[in-house]
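A short worksheet on the structure shown next.
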Amino acid sequence: MKEEGQVVYTADNQRFRSLLKELKNLGKVLNDSDFATKTGVNRSYVSELRNDKRVLTTNYIEQIYNTFPEINRVWLLTGEGSMLTEERNAGVQGKHLDEDEYAALREKGLPLIPEYAEAFRGGNAGNPIFYDYVASYWSLPDIKADMIIPVEGDSMSPTYPAGSKLAVRRMSFSPDEPFGIPFGEAFAFIAQKDGDAAVSYVKRLRRHSDPMRAKQYWIAHSDNPNYDDFEVEITTIQSLWRVAASITIGS
């Protein structure tokens, strides 16, 4: 029985916090008060949901969905699939900058995204990480990303074949909230492997099917059926990036 003052964390409320943060990042809502107004509740209702003092009901999920139809109802209810129903990983046109273009855009204060030379591994072995060299910069209109990464290996083919370039955005997470990420989407992540050097991967992260292990492990899934799924211990993940887009080179 729940004692007075005890907080019970639920998967639903963890996803609610992730959703609220994403809507703010996308500019869909300004703050908690704005979200509350748009979904027909008061500010304290949203605050109680964020702080696990109220259960996220199916009726309110329907209100959220009616206000923001781009949200995946199934994900909000169960954690399966992508947070958003729109395809976020379609190729976008980017421009690889030469030195003059880079200098001109930087002088204007326009956002430039660094591409690192070290590849993320599209395989099950992982790649050692040595991020100390920026190979180039990109201009990607309308894409919010922290860096561009090349993909090595074919485990994410045909979606992201070897040689692909991905725009990725850093995503905060907590091992204490294992159900707070948008399961089913593609991520780049760096993990400590068996006490060795940190290694990198590009995978879809899924919720573990075993309830007893779901709080400690995510499942790394490849789009290429020739590769097996494997467990990733959440506490070993040092950095997590969400794939915002794959890149095609524009003129």
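Bear in mind that the values in this text are calculations on the coordinates, not laboratory data. Just so it is clear, the model here is predicted, and its values are computed rather than measured.
Some points to look at:
- Working note: Karplus 6.51/-1.76/1.60 with θ = phi - 60° gives the range 158-167 the couplings x, 5, 10, x, 3, x, 5, 10, 10, 8 Hz, where Gly and Pro are set to x.
- Amide H within-cut-off set for Ser239, under 5 Å, with H built and near neighbours excluded: Ile190
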